[in-house]
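Comments concern the structure below.
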Amino acid sequence: MKRVLTGLGVAAIVAYCLIPFYWMVVSSFRRTADIYHQTPLPSPWSLESYAGVFDEGTGFGQALLNSAVVAVVTTAVTLLIGTLAAYALARLDFRGKNVILALIIAVSMFPGALLVVPLLKLFTSIGWINSYQAMILPSMSFALPLTVWNLTTFFRQMPRELEHAAMIDGCSAFDAFRKVILPVAAPGVFTTAILAFIVTWNEFIIAVTMVNDVDRQTATVRIAQFTGAAKFATPFGTQMAAGVLVTIPLVILVLFFQRRIVAGLTAGAVK
Amino acid sequence: MTQAGRTRTPWLYLLPTVAVLAPLFGYPIYMLGLLSVFDYRQAQVSGGEPTTFIGFGNYATLFGDPRFWSILGQTVVFAAVLVIVTLAVGAALAVVLTRAGHWPRLLLSLAAMAAWAAPAMTGSTVWMFLFDADLGLVNQVLGIDGFNWFYDRWVTFGVVGATVVWHSFPLVMVMLFAGIQAIPVSVREAAALDGASEWQSFWRIIVPMLRPLITIVVIQSIIWDFKIFTQIYVMTNGGGIAGQNSVLNVYAYQTAFGSSEYGLGSAIGVVMTLILLVVTLFYIRALHRTGEKL
């Protein structure tokens with residue numbers, strides 16, 4: 001009896017996890033007229049919603065491209081400077097290190113919605129509205145602390161002998177870092193890159209505030225505004241199709257790198 | 001390496017990060033504090049009227065407004081319920097994962113990771129579609145066509161909450177699962193041999209042994225759920241009917257942008273920052289206790 005109950009509970013939670021995905025994918029392949037059908041599979045299958053997503057005027061292709069630009073540039077810059085900071089925090093001894101670590105944690109807790117109020121004023125006055133940098137720079141407010149914290153934990157777990165050996169062989173500290181530590185740390189850096197990419201790709205508040213030009217909007221913002229784009233029918237079909245398109249890159253990343261992502265997520269929390 | 005070089009080098013490594021983060025947070029926090037003590041609205045933004053210093057006037061307005069207290073109250077209640085549900089679901093599944101076979105475990109963790117990675121935006125639209133009043137799947141299955149899930153305040157919070165938990169329990173599950181895996185198998189087996197039920201061994205063994213980790217997960221969830229924005233903003237169209245589903249984060253944003261009350265919005269922001277700061281201090285202390293070098 002107890003086992004049955006447990007089984008039912010687990011089944012309910014798995015359904016809770018999966019049904020929204022399943023319904024999103026299935027509904028995205030229905031015709032607009034069939035959008036409320038309850039058949040487990042679309043009949044007939046249709047690409048109408050996908051055609052709707054890429055209709056002229058919705059600019060969704062451009063929006064996906066904008067999302068990619070913002071997420072890739074943010075991730076790249078974040079990794080470049082975050083790796084250096086994390087190395088110093090993990091390996092070098094200096095005064096004020098604990099303060100810096102505490103500050104990194106504190107700023108990562110700061111709500112993005114509060115950040116954008118003053119930043120919008122600033123960016124308006126320097127003409128940055130509707131620019132990529134107006135999304136990229138604020139996105140670093142959450143991507144960079146995440147990166148630094150994750151990599152710091154990761155670097156700490158690596159054996160110290162690595163750099164010692166390199167430095168005995170005559171490498172400078174920076175060379176030891178670049179030629180010895182970084183290659184060994186590549187998996188951790190890579191995992192952190194995926195995490196940074198996912199959180200930036202999903203970002204909504206900054207993008208919706210800093211950009212009002214349709215040509216510069218990111219995909220998450222564009223989906224929210226589909227309501228106005230579909231004139232003839234409820235926009236659920238296009239929203240589902242767009243949802244599939246926005247989520248696919250992330251699901252692929254998760255499928256391929258599940259183990260590494262899990263390891264990255266638990267870094268610092270589990271010893 | 002010289003002594004001076006030794007002390008300077010770390011700061012060279014940190015310089016780029018500090019150069020980005022310091023202004024990125026310093027300027028907005030400074031401006032929030034500054035604006036919160038000025039009478040600053042649309043008229044001042046457009047330069048039509050001079051900005052006047054009103055000291056704690058915005059705070060007085062805020063603390064005298066019953067709406068502020070009701071939003072603060074429902075933010076706390078909403079966040080508290082979300083934290084509890086997220087933890088219950090996450091912990092239950094973490095235990096299930098440890099006992100599941102290879103394939104169920106893989107399936108469940110993939111499904112959970114996908115829910116974690118899905119944009120809050122996508123999750124919101126899918127859940128709104130499922131709970132659509134006219135012909136949404138949920139209403140059709142339950143046979144309650146026309147029932148509007150986004151009308152009553154607490155029913156709305158329920159649906160939005162289900163969406164938020166859908167996004168946030170996977171992280172809790174993964175962290176707790178990793179924690180349970182780190183408990184020596186012999187300990188768990190010994191409990192089973194002594195006749196402990198799954199329920200007992202969860203409360204008597206797993207919870208006490210993972211207390212530091214659980215503390216961290218709880219505080220992270222509190223911080224996360226306290227600053228929910230996207231789901232509320234999207235699913236209730238900016239805070240629900242007459243703003244009944246607003247939470248602090250959305251309220252601050254709407255007051256500043258929606259009503260152009262930048263001064264008042266900043267004051268809400270400052271209050272919210274102070275609350276989060278207190279929670280964060282607990283978080284740092286909890287991290288410190290787990291032996292994280294800080």
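Values in this text are rule-based calculations from the coordinates and carry no lab data. From a predicted model like this one, the values you see are computed outputs, not experimental measurements. Cβ atoms come from the backbone with ideal geometry, glycine included; neighbour counts cover every protein chain shown.
Here is how the numbers come out for the structure above:
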{"quantity": "Net lengthening on full extension, A:L80/A:I129 (0.36 nm per residue, minus Cα-Cα)", "calculated": "15.1 nm"}
{"quantity": "Kirkwood-based Rg to Rh ratio, region A:115-211, C-alpha trace", "calculated": "1.17"}
{"quantity": "Net charge of Cβ neighbours under 13 Å - reference A:T191; Lys, Arg +1; Asp, Glu -1", "calculated": "+2"}
{"quantity": "Span-like helix ranges in chain B, DSSP H, alpha carbon extent 24 angstrom or more, Kyte mean at least -0.5", "calculated": "B:3-35, B:66-99, B:153-182, B:262-289"}
{"quantity": "Paired Rg and Dmax values of region B:137-232, which use every Cα atom, in angstrom", "calculated": "19.0, 55"}
{"quantity": "Anisotropy class of region A:1-46 from Cα gyration tensor, a/c 1.5 cut", "calculated": "prolate"}
{"quantity": "5 angstrom amide H check on B:F38, placed H, neighbours 5+ away", "calculated": "B:I54"}
{"quantity": "Within chain A, helix-based [θ] at 222 nm, where runs of 4 or more DSSP H residues each add -39,500 (n - 2.57), nearest 500", "calculated": "-23000 deg cm²/dmol"}
{"quantity": "Helix axis angle, A:60-91 relative to chain A longest principal axis, alpha carbon, degrees", "calculated": "20"}
{"quantity": "Cα shape, region B:1-143, gyration tensor, a/c 1.5 rule", "calculated": "oblate"}
{"quantity": "Cα-Cα pairs of region A:57-269 separated by more than 31 Å (percent)", "calculated": "30"}
{"quantity": "Chain B: C-alpha gyration tensor shape, a/c 1.5 cut-off, then a/b vs b/c", "calculated": "oblate"}
{"quantity": "P(r), alpha carbons of the protein assembly as shown - 20 Å bins starting at zero, rounded %", "calculated": "19, 53, 26, 2"}
